[in-house]
Amino acid sequence: MVRAGVAFLTEKGFATTGLDEILQSVKVPKGSFYHYFESKEAFGVELIKNYAVYFAELLDSNYLNENLPPLERIAAFMEEAKNNMARYEFRRGCLVGNLGQEMAVIPDAFRQLLIETLHDWQSRTAACLKLAQKEKQISAELDCDMVAASFWIGWEGAVLRAKLERSGAPIDIYATHFLNGIHK
């Protein structure tokens, strides 16, 4: 159910995805759903938590890859994420970004969880950037925490645009601009 829920929400969003639609796709009766979750909102919270863990693992698999210099790790993450979107013909985006765009119509309980998730991803990115500073790939003058925040603000926009255009070009443009902008 969780995997199917993430798939639907990354493609269609929370407000336009019906619970029946998700349950039918995995052949789970509605009564069984309520055995595990008290509401669609509780299900949504679980989806966000599950996606946050999945995405943190994706970041770590790239950012902690000691076979690459730190900036190449960030580039590798962006390329892998773009390729993951391409597998679904750019119809799926980022669950966190999608839900963030639906703030007017989604439960308030999601807001803090989305913010915490973005901050976690930012801190992982900042750690990789600090390593790039230590290895003299980027200027010691850069505020890595601010650069990481800027990265995620821009990244979510690039993912949205890639989904809109059904093309990896916006991600390529963003990746090139971001990396050239911080490279020493």
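The values are calculated or read from the model by the stated rules, or taken from the named source; none is laboratory data. Since this is a predicted model, take the numbers as computed values, not measurements. Please note: Cβ atoms are built from the backbone with ideal geometry, for glycine as well, and neighbour counts cover all protein chains shown. Note: accessible area is taken over every heavy atom of the protein model, side chains too, but ligands, DNA and RNA are not part of it. Shrake-Rupley method; radii C 1.70, N 1.55, O 1.52, S 1.80 Å.
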#### Entry: Per residue value of the accessible surface for the stretch 1-74 (all protein chains in place, 1.4 Å probe), Å²
54 Å²
#### Entry: Accessible surface ranking that places the most exposed of D60, D143 first, with a 1.4 angstrom probe
D143, D60
### the chain, accessible surface, carbon-and-sulfur percent (1.4 angstrom probe)
53 percent
### Query
Tell me, what is the 1.4 Å probe accessible area of Y54, in Å² to the nearest 10?
100 Å²
### Contour minus Cα-Cα distance for L164 and V2 (0.36 nm per residue)
55.9 nm
### Query
If you find the alpha carbon centre of the stretch 38-100 and of the stretch 128-184, how far apart are they in angstrom?
15 Å
### Task
Filter the GluC sites (Glu not before Pro) in the stretch 9-40 down to the DSSP loop ones having no more than 11 other Cβ atoms within 10 Å, then list what survives.
E38
### Chain lengthening between L58 and D172 when straightened (0.36 nm per residue, less Cα-Cα)
39.2 nm
### Message
Given R₀ = 30 Å, what would the calculated FRET efficiency be for E141 paired with R111, taking r from the Cβ atoms and rounding to 0.05?
### Response
0.30
### Message
Tell me which GluC sites (Glu not before Pro) from the stretch 75-156 have a DSSP coil assignment and no more than 13 other beta carbons within 10 Å of their own.
### Response
E89, E135, E141
